[in-house]
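Following: one structure in structure tokens, then a few remarks.
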Amino acid sequence: MELARAVYAHTEEFPKSETFGLRMQLRRSAVNVASHIAEAHGRLNDSEMRKGLGGARAAINELQTQVELAASLGFFTGPSSEALLDLGTRVAKLINALLGVLEPEAAVAGARQLANPPRA
């Protein structure tokens, strides 16, 4: 949620013409990151949790692309874009670490097969 709050704060000074454009898109992407993480946390198994975290990772990529675009258009003042990119990278690393500790879907399927061998 820190990322979403930071995006809201740093996009407050965007031009009025961007109220329903890139400003809104950045905010939506930031909220999607937090929402996907919350959704993943509520899942009942690793496979479903991986899907939620995958959605969060996709939203991070989207957000970082939008930050770079907004920076290239001169919408950020000072080091705002770098701060958002750095925070986004830290969140992405946390998501990747969580994905790394969850059992991969193939491993789960293989374990099920080993636990329930076919009967002759």
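If you go through segment 61-83 one residue at a time, do you hit one that is aliphatic (A, V, I, L, M), modelled with pLDDT of 90 or more, more than 16 Å from the chain's Cα centre (by Cα) and crowded, with 16+ Cβ neighbours inside 10 Å? So far as segment 61-83 goes, yes, one or more of its residues are aliphatic (A, V, I, L, M), modelled with pLDDT of 90 or more, more than 16 Å from the chain's Cα centre (by Cα) and crowded, with 16+ Cβ neighbours inside 10 Å. Residues in segment 61-80 that are out of contact with any His (no Cβ under 7 Å at 6 or more places or on another chain), within 17 Å of Ala30 (Cβ to Cβ) and in contact (Cβ under 8 Å) with a residue 40 or more places away in the chain: Leu63, Gln66, Val67, Leu69, Ala70, Phe75. For segment 37-46, does any single residue satisfy the condition of being within 20 Å of Leu84 (Cβ to Cβ) and either without any contact (Cβ under 8 Å) to a residue 24 or more places away in the chain or among the hydrophobic types (A, V, I, L, M, F, W, C) (or both)? Looking for residues that are within 20 Å of Leu84 (Cβ to Cβ) and either without any contact (Cβ under 8 Å) to a residue 24 or more places away in the chain or among the hydrophobic types (A, V, I, L, M, F, W, C) (or both), one finds at least one in segment 37-46, hence yes. On the stretch given as segment 5-57, residues that are over 24 Å from Phe75 (Cα atoms) and not in a helix (DSSP H, G or I) total 4. Yes or no: segment 70-86 includes at least one residue that is closer than 23 Å to Gly100 by Cα and among the small types (Gly, Ala, Ser). No, because not a single residue in segment 70-86 is closer than 23 Å to Gly100 by Cα and among the small types (Gly, Ala, Ser). When Thr19 is tested against (1) modelled with pLDDT of 95 or more; (2) surrounded by fewer than 19 Cβ atoms within 10 Å (Cβ to Cβ); (3) polar (S, T, N, Q), just one condition goes unmet, and that condition is (1).
When the residues of segment 93-108 are filtered to those that are under 14 Å from Asp46 (Cα atoms), surrounded by 12 or more Cβ atoms within 10 Å (Cβ to Cβ) and of a type in the set (A, V, I, L, M), which remaining residue is modelled with the highest pLDDT? Only one residue tops the list, namely Ile95. Checked against (1) more than 20 Å from Leu102 (Cα to Cα); (2) surrounded by fewer than 17 Cβ atoms within 10 Å (Cβ to Cβ); (3) of a type outside the set (Asp, Glu), Phe14 meets all criteria but (2). When you look at Gly21, is it on the phi < 0 side of the Ramachandran plot and under 10 Å from the mean Cα position of the chain (by Cα), yes or no? For Gly21, the condition - on the phi < 0 side of the Ramachandran plot and under 10 Å from the mean Cα position of the chain (by Cα) - is not met.
Pairing residues of segment 1-20 that are in contact (Cβ under 8 Å) with a residue 40 or more places away in the chain with residues that are of a type in the set (Val, Ile, Thr) and outside any loop (DSSP other than H, G, I, E, B), at Cβ distances under 7 Å and at least 6 apart in sequence or on separate chains, gives Leu3/Val33; Leu3/Val91.
The values are calculated or read from the model by the stated rules, or taken from the named source; none is laboratory data. None of the values given here were measured: they were computed from a predicted structure. Every residue, glycine as well, gets a Cβ built from its backbone with ideal geometry; the counts of neighbours run over all protein chains shown.
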